[in-house]
Amino acid sequence: MRPVILADLEAVASVLLAAPKEHWRTLALAIIEAARIADKYRKNTGKRHPHWGNGSLVDAVQTRTRADLPRPGDPAYLSAVQCVVSAVLERRDHNFR
């Protein structure tokens, strides 16, 4: 997976906010896995993955339903971003780069 930037966190958070909260962790981990696979594909072929893009989280969510982001500081928004960051750190701890 490519390095995570703020735009990635917001993109995945917008997907989470469009889903029931009880599915957030599983959904975030699935998106991270898609980005990881896409990044490997890009490195091996020199091309974007046909479904998940270039290995960034922003690209991995392009075909998913997204909610409009609420104002910064909104508790739901902060919870969604926290979930994304936690999932990224969890996967990095398990050598899923």
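So the check is Cβ under 7 Å with 6+ separation or different chains; which pairs have a first residue in region 72-86 that's at negative phi and in contact (Cβ under 8 Å) with a residue 60 or more places away in the chain and a second one that's open to solvent by 60 Å² or more (accessible area, probe 1.4 Å) and basic (Lys, Arg)? Note: pairs meeting the criteria are 83/25. Residues in region 35-91 that are among the basic types (Lys, Arg) and touching a Leu at 6+ places or on another chain (Cβ under 9 Å): 3 in all.
The values are calculated or read from the model by the stated rules, or taken from the named source; none is laboratory data. Keep in mind it's a predicted model, so treat the numbers as computed, not measured. Positions of Cβ are generated from backbone atoms using ideal geometry, with glycine treated the same way; all protein chains shown enter the neighbour counts. These accessible areas exclude ligands, DNA and RNA; they are computed on the full protein's heavy atoms, side chains included. Shrake-Rupley method; radii C 1.70, N 1.55, O 1.52, S 1.80 Å.
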